[in-house]
Amino acid sequence: MREIFQFFKVAGKTFTLSLLVLFFTVEPTRALQIIYPKSPNTEVSASSTFFIGNTKPGSKLTINDKEVTVYENGSFVEVVPLKDGFNRIIIDSQNDTEHEIFTYIIKKVPEANLMVKEPATENFPENQYIYAAVIKENTPLRAQPDENAQRITHLDKNTVLMLNGKKGDYYRIYLSPSKSAWIKAENIVNYSAIKGKMLASATKVSLSEDKLYNYIKTDLSFPVPYRITETEKGLNVELYNLKENAADTTVFNQCGTINSFAVNSTAQDMTSTYYIELNSKLWGYDAYYEGNTLVIKIRKTPQIEANNPFKGIKVAIDAGHGGDEYGATGPTGVKEKDINLDIAKKLKKELENRGALVIMTRTDDSTVPLKQRPLIAKQQDALFLLSIHANALSDGANPYEKHGTAVFYYNAESVELAKLLRNTLIKDLGTRDDGVAKYSLVMTRPSLPLSVLIEVAYMINPHDYAKLLDENFQQKTAASITSALETYLLNSANPV
Ligand SMILES: [Zn+2]
């Protein structure tokens with residue numbers, strides 16, 4: 001193969017590269033395989049990239065003449081520093097019978113220019129508003145007119161909004177004299193300009209319960225924006241654009257796990273605040289409109305049998321990615337989606353052996369839309385939602401430094417569960433502690449069920465990767481997650 005390489009070399013750089021790529025693509029018996037970078041012509045803005053791939057075990061591998069470790073299963077991972085402009089990188093793999101050389105040209109480009117000229121904020125005339133309705137469920141309301149800005153809350157379809165400004169493709173929502181937020185124009189319709197404010201009335205507030213949940217229902221003249229925040233003792237709910245609330249003069253009795261419920265409305269702030277105190281920790285909550293009625297649903301503390309804590313407990317398991325979505329790819333070409341499913345299936349078995357009722361967001365290699373996954377768990381009244389993943393890094397990071405087990409959460413109600421899972425997993429698996437972090441993800445944002453995303457280990461660290469491929473390690477992971485859930489139930493649920 002060296003001869004061929006030499007031959008093309010004289011034919012000119014660009015020509016060499018494209019033909020070489022073609023040649024190696026059709027060559028069926030090659031030993032050297034590069035998984036990442038995905039293309040031999042890549043642009044990177046970081047000051048390093050990494051080469052991830054595999055060759056015949058026992059081969060001598062060099063990248064730009066530097067010898068690189070080839071692991072037992074043939075995998076290799078090497079960080080390659082990049083200088084500005086074009087970087088020519090030669091990957092050379094040699095053993096007794098084969099000698100292969102790949103050439104990659106990586107262009108280091110400057111970081112994306114963040115000094116994009118911002119559009120001006122347009123303020124609508126004093127006391128003039130545009131009225132609009134939300135057209136998509138679960139639409140984020142943001143602190144700034146930017147899709148990366150913090151989410152203030154999510155709005156339900158048909159929520160009525162007062163808009164008093166515009167910036168780029170975002171509208172500013174008037175929540176109260178002291179509060180505003182931003183929504184993307186594509187999520188709203190039905191504009192009509194009106195002079196003066198249009199405020200809603202809350203005509204009735206009631207508390208009720210069933211076997212699994214407490215409910216707080218508020219009848220409104222039309223659906224208004226609201227925001228729920230977790231507190232030490234329960235939840236606070238702010239309802240905006242209100243002129244009055246019948247609950248202000250009502251005394252509420254204790255109901256289900258709701259210890260106390262108080263309402264405070266301020267006319268000048270057009271806001272009604274609900275202070276909900278629970279007699280136990282939060283086990284999840286949800287809020288939605290049924291017509292003009294706002295329903296706040298709070299999960300009750302589950303009842304467990306101390307010697308059989310999983311009996312009747314519903315656990316939703318999400319094997320990350322699947323079908324067309326591969327997730328990360330490891331050095332020998334195994335895809336994250338398959339490892340996630342292997343672990344998820346073992347976890348299902350482990351939990352079912354203990355009496356749990358398991359809901360899977362996928363049981364095979366099918367493509368399940370990401371946003372549908374939490375809904376599957378919620379519709380089935382799962383108590384926990386665990387999303388199983390294996391981690392990867394972007395260019396600029398070093399897979400030898402950052403590896404191990406991480407657990408992500410978003411809502412404060414899930415912090416304790418996330419920490420317990422992380423502690424149990426690193427102890428049982430002997431993986432590096434890669435931390436517990438608040439991370440806004442589709443699979444961590446649900447407040448019902450308790451939701452966490454587990455990054456078991458890294459696909460692109462050769463040692464972690466070898467573990468992820470090992471059936472015993474997968475089984476240990478399943479047993480470890482199960483034991484963490486058991487501890488959580490025993491510590492926090494109510495024994496019957
Ligand atoms: Zn993943």
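Using amide H atoms built in the peptide plane, which far-off residues or other-chain residues are under 5 Å from Phe222 H to H?
Residues meeting the criterion, in which the H sits 1.01 Å from N, are Ser201.
Taking amide hydrogens as modeled 1.01 Å from N in the peptide plane, which residues meet the under 5 Å criterion relative to Thr49, leaving out close sequence neighbours?
Val80, Leu82, Gly396
Percent relative contact order of the range 200-301, based on C-alpha pairs within less than 8 angstrom and at least six residues apart?
31 percent
Would you kindly derive the ³J(HN,Hα) couplings of the range 309-315 from the backbone phi angles with the Karplus curve 6.51 cos²θ - 1.76 cosθ + 1.60 (θ = phi - 60°), listing them in order in whole Hz, with x for Gly and Pro?
Using θ = phi - 60°, the values come out as x, 7, 4, x, 7, 9, 10 Hz.
At what distance in nm do the modelled label points of Ser221 and Lys179 sit from each other, each positioned 7 Å from its Cα along Cα→Cβ?
2.0 nm
Going by C-beta contacts inside 10 Å, put His463, His321, His403 in order with the fewest on the left.
Values: His463 18, His321 25, His403 22.
Ordered from fewest to most neighbouring Cβ atoms within 10 Å, His463, His321, His403 come out as His463, His403, His321.
For Arg432, Arg151, Arg362, which order do you get if you count the other beta carbons within 10 Å of each Cβ and list the fewest first?
Working: Arg432 18, Arg151 13, Arg362 21.
In order of increasing Cβ crowding within 10 Å: Arg151, Arg432, Arg362.
Using a Cα-Cα cut-off of under 30 Å, which lysines could be cross-linked to Lys167, ignoring same-chain neighbours fewer than 8 residues away?
Lys117, Lys136, Lys157, Lys179, Lys184, Lys195, Lys197, Lys243, Lys371, Lys438
So between Arg151 and Thr203, what do we pick up on full extension, going 0.36 nm a residue minus the alpha carbon distance?
Roughly 15.8 nm would be gained on extension.
Report the full-extension gain for the segment Glu186 to Asp364: residue separation times 0.36 nm, less the Cα-Cα distance, to one decimal in nm.
Answer, rounded to one decimal: 60.6 nm.
To the nearest 500 deg cm²/dmol, what mean residue ellipticity at 222 nm is calculated for the chain from DSSP H runs of n ≥ 4 alone, each contributing -39,500 (n - 2.57), summed and divided by the residues? Could the numbers behind the result be given before it?
Working: 7 runs with 93 residues, N = 496.
Helices in the chain give a 222 nm mean residue ellipticity of -6000 deg cm²/dmol.
From the convex hull of the Cα coordinates of the range 23-150, what is the mean projected area in square nanometres?
For the range 23-150, the mean projected area of the Cα convex hull comes to 14.1 nm².
Given the peptides 310-319, 45-54, arrange them by the average over their residues of other C-beta atoms within 10 Å, most packed first.
Taking the mean over residues of other Cβ atoms within 10 Å, the ranking is 310-319, 45-54.
Can you give the Rg/Rh ratio of the range 230-320, where Rg is from the C-alpha atoms and Rh is the Kirkwood radius?
Ratio of gyration radius to Kirkwood radius for the range 230-320: 1.07.
So what is the relative contact order for the range 375-496, in percent, with contacts set as C-alpha pairs under 8 Å and at least six apart?
Computed value for the range 375-496: 34 percent relative contact order.
Report Rg/Rh for the chain, rounded to two decimals, where Rg is the Cα radius of gyration and Rh the Kirkwood radius. Working shown, then result.
Numbers: Rg = 27.6 Å, Rh = 26.0 Å.
Checking Rg against Rh, the ratio lands at 1.06.
State, in angstrom, two size descriptors of the range 122-195 derived from its alpha carbons: Rg to one decimal place and Dmax to the nearest whole number.
Using the Cα atoms of the range 122-195, the pair Rg, Dmax is 11.2, 32 Å.
Note down the relative contact order for the chain as a percent, whole number, built from C-alpha pairs under 8 angstrom at least six residues apart.
RCO, the chain: 11 percent.
Convex hull over the alpha-carbon atoms of the range 149-190: what's its volume per residue in Å³?
Per-residue hull volume (Cα only) is 87 Å³.
Using a cut-off of 29 Å between alpha-carbon atoms, which lysines can reach Lys56, once sequence neighbours fewer than 8 places away in the same chain are excluded?
Correct list for Lys56: Lys9, Lys13, Lys38, Lys66, Lys107, Lys335, Lys337, Lys402, Lys467.
Can you report the principal axis dimensions of the range 151-248 using only the alpha carbons, biggest first, rounded to whole angstrom?
Principal extents (Cα only, largest first): 46, 26, 24 Å.
Which FRET efficiency value, to the nearest 0.05, is calculated for Arg88 and Tyr326 with the Förster distance at 41 angstrom and r the Cβ-Cβ distance?
Values: r = 29 Å, r/R0 = 0.70.
Between Arg88 and Tyr326 the formula returns 0.90.
Could you derive backbone 3J(HN,Hα) for the range 265-278 from the dihedral phi with the Karplus parameters 6.51, -1.76 and 1.60 (θ = phi - 60°), listing whole Hz in sequence and x where the residue is Gly or Pro?
Karplus values, whole Hz, x for Gly and Pro: 10, 10, 4, 5, 9, 6, 10, 10, 10, 9, 10, 10, 10, 9.
Kyte-Doolittle cut-off -0.5, length cut-off 18 Å along the helix's own axis using Cα: show which whole DSSP H helices in the chain pass. Intermediate values should be presented prior to the final figure.
Details: long enough: 13-26 (20 Å, 1.80); 336-353 (26 Å, -1.21); 415-429 (21 Å, 0.40); 471-492 (32 Å, -0.30).
Membrane-span-like by this criterion, though nothing is claimed about a membrane: 13-26, 415-429, 471-492.
Normalized C-alpha radius of gyration of the range 305-495, against 2.2 N^0.38 Å?
0.95
What ranking, highest mean first, results for peptides 243-253, 381-391 when packing means the other Cβ atoms within 10 Å averaged over each residue?
Order by mean packing, descending: 381-391, 243-253.
Stretched out fully, how many nm does the piece from Thr301 to Asn138 gain, at 0.36 nm a residue minus the Cα gap? All intermediate terms of the calculation are to be shown ahead of the outcome.
Working: separation 163, 0.36 × 163 = 58.68 nm, distance 2.60 nm.
The span from Thr301 to Asn138 would gain 56.1 nm if fully extended.
With θ set to phi - 60° and the Karplus curve 6.51 cos²θ - 1.76 cosθ + 1.60, what are the ³J(HN,Hα) couplings of the range 189-194 in order, to the nearest whole Hz, using x for Gly and Pro?
9, 6, 6, 8, 7, 9
Would you please give the residues with an amide H less than 5 Å from that of Glu137, counting only those at least 5 places away or on a separate chain, with H modeled from the backbone geometry?
Those qualifying (amide H under 5 Å, at least 5 residues apart or on another chain) are Lys157.
Bear in mind that the values in this text are calculations on the coordinates, not laboratory data. Just so it is clear, the structure is predicted and the values come from calculations on it, not from any experiment. Every residue, glycine among them, receives a Cβ derived from its backbone with ideal geometry; neighbour counts consider all protein chains shown.
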